[in-house]
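Before any comments, here is the structure.
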Amino acid sequence: MMMVVTKKILLCWSLPIYHPYRTPNALVDEFDLFDNDVGHIVGEVAATHPNGGTGWSGDLMPFPWWIGTVGEAVSLIGYERNADRIPATFYAPVLRNMNRWQWAVTIVQFAADPRLTTRSTSWYVWELFAAHPMTHTLPAEGEFDPLYYVSGTNEDKSSYIWKGAVYNTTNHENVSVSISFEGVEAGRKAALTVLTNPGGDPFAYNDPHTGVNIVSKDTVFLSAGDGGAFEFQLPELSVAVLDTDYESACKKKK
Ligand SMILES: *[C@@H]1O[C@H](CO)[C@@H](O)[C@H](O)[C@H]1NC(C)=O
Ligand SMILES: *[C@@H]1O[C@H](CO)[C@@H](O)[C@H](O)[C@H]1NC(C)=O
């Protein structure tokens, strides 16, 4: 095999590689893992076992499932907060042939029968985060847990972006969110996209054999209120992106 390696990639290859296959709770615990660490490539990451579960021949989940997907979102937000030192993150593995496989937890399932092609719950989170790239992260003030977040700008689009995930809340209550960016005034518009699992079962997953998608994706348009703050509520076990690049979100919604 021939490989062309640019200087930039060589630099990346010299970084340590991290492969976290974890429970949802462990992915949430690792939110701040890279805050004071050397650079890494997160070579493979996935929620693979239910909380309390262990062992590859034990209680491995058959497909990505909702609470695991939210755990991945929390870790991904932790990596993006440290984007100066985490240049790349990969889900692993990506494709699973339902007729014959060696590894259960993959982001997309397929088979000879195209009706079995299935986007997992995790696909929706990775697709949403990838669709809103930041060129620069911004310092974020406030508490984390149960809401984990990162904010930044996309200087090519002059937009402000915020990504958040809500893990377990007290008494399953909603979390009230208020976001202000320096320089954003009242009346500025933003698109807020929220991923939820309306059925409420944290173990729910997208099963290729039933074709049911348990993930709900809703986009609403918000206007910044007094002081330029965007205010909204997020339910327990949800993932959200707010982006002031409102026009491209409008086009995508049509
Ligand atoms: C969050 O809730 C799930 C049940 O939905 C439970 O398994 C898990 O242990 C909880 N995590 C924490 C950190 O309390
Ligand atoms: C929780 O927030 C959702 C919007 O994300 C809203 O539809 C729902 O009514 C809220 N529930 C309560 C009890 O406020």
Applying the selection to the stretch 39-59, what residues are within 16 Å of ligand 1 (Cβ to nearest atom) and either free of Cβ contacts under 8 Å to residues at least 60 places away in the same chain or not assigned by TED's automatic domain parsing to the domain that holds ALA83 (or both)?
-> THR48, HIS49, ASN51, GLY52, GLY53, THR54, ASP59
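Would you mind finding the one in ALA229, ALA249, ALA224, ALA240 that is away from ligand 1 (no atom under 16 Å from the Cβ), assigned by TED's automatic domain parsing to the domain that holds THR170, of a type in the set (A, V, I, L, M, F, W, C) and closer than 19 Å to LEU76 by Cβ?
Testing whether each residue is away from ligand 1 (no atom under 16 Å from the Cβ), assigned by TED's automatic domain parsing to the domain that holds THR170, of a type in the set (A, V, I, L, M, F, W, C) and closer than 19 Å to LEU76 by Cβ leaves just ALA240.
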Expected single match for of a type in the set (D, E, K, R) and within 16 Å of ligand 2 (Cβ to nearest atom) among ASP201, ASP226, ASP218 is ASP218
Among (1) closer than 30 Å to GLY211 by Cα; (2) among the aromatic types (Phe, Trp, Tyr); (3) not assigned by TED's automatic domain parsing to the domain that holds ILE41, the one test that TYR160 misses = (1)
Listed residues LYS217, LYS157; which is in contact with a helix residue (DSSP H, G or I) (Cβ under 7 Å, 6 or more places away or on another chain) and basic (Lys, Arg)?
-> LYS217
May I ask you to list the residues in the stretch 180-210 that are away from ligand 1 (no atom under 16 Å from the Cβ) and closer than 30 Å to ASP113 by Cβ?
-> LEU195, ASN206, ASP207, PRO208, HIS209, THR210
Does ARG85 satisfy the criteria of being away from ligand 2 (no atom under 16 Å from the Cβ), farther than 30 Å from LEU138 by Cβ and not hydroxyl-bearing (Ser, Thr, Tyr)?
-> no
Output the number of the condition that ALA104 fails; it satisfies all remaining conditions of (1) among the small types (Gly, Ala, Ser); (2) within 27 Å of VAL241 (Cβ to Cβ); (3) touching a residue at least 40 places away in the same chain (Cβ under 8 Å).
-> (2)
Restricting attention to the stretch 162-198, report how many residues are more than 12 Å from ligand 2 (Cβ to nearest atom), surrounded by fewer than 19 Cβ atoms within 10 Å (Cβ to Cβ) and either under 11 Å from GLY228 (Cβ atoms) or β-branched (Val, Ile, Thr) (or both).
-> 10
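Quick grid of which residues meet (1) more than 29 Å from TYR160 (Cβ to Cβ); (2) touching a Pro at 6+ places or on another chain (Cβ under 7 Å); (3) not charged (D, E, K, R):
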site: ARG81; (1), (2), (3): no, no, no
site: PHE90; (1), (2), (3): no, no, yes
site: VAL108; (1), (2), (3): yes, no, yes
site: LEU116; (1), (2), (3): yes, yes, yes
site: MET134; (1), (2), (3): no, no, yes
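Looking for whichever is crowded, with 17+ Cβ neighbours inside 10 Å, small (Gly, Ala, Ser), within 24 Å of HIS49 (Cα to Cα) and at pLDDT 95 or above here; the options are SER120, SER159. Which one fits?
Testing whether each residue is crowded, with 17+ Cβ neighbours inside 10 Å, small (Gly, Ala, Ser), within 24 Å of HIS49 (Cα to Cα) and at pLDDT 95 or above leaves just SER120.
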Qualifying residues in the stretch 127-179 (those that are within 16 Å of ligand 1 (Cβ to nearest atom) and assigned to a strand (DSSP E or B)) - the one farthest from the chain's Cα centre (by Cα) | VAL175
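The values are calculated or read from the model by the stated rules, or taken from the named source; none is laboratory data. All of these numbers come straight from a predicted model, not from anything done at the bench. Positions of Cβ are backbone-derived with ideal geometry, glycine not excepted, and every protein chain shown enters the neighbour counts.
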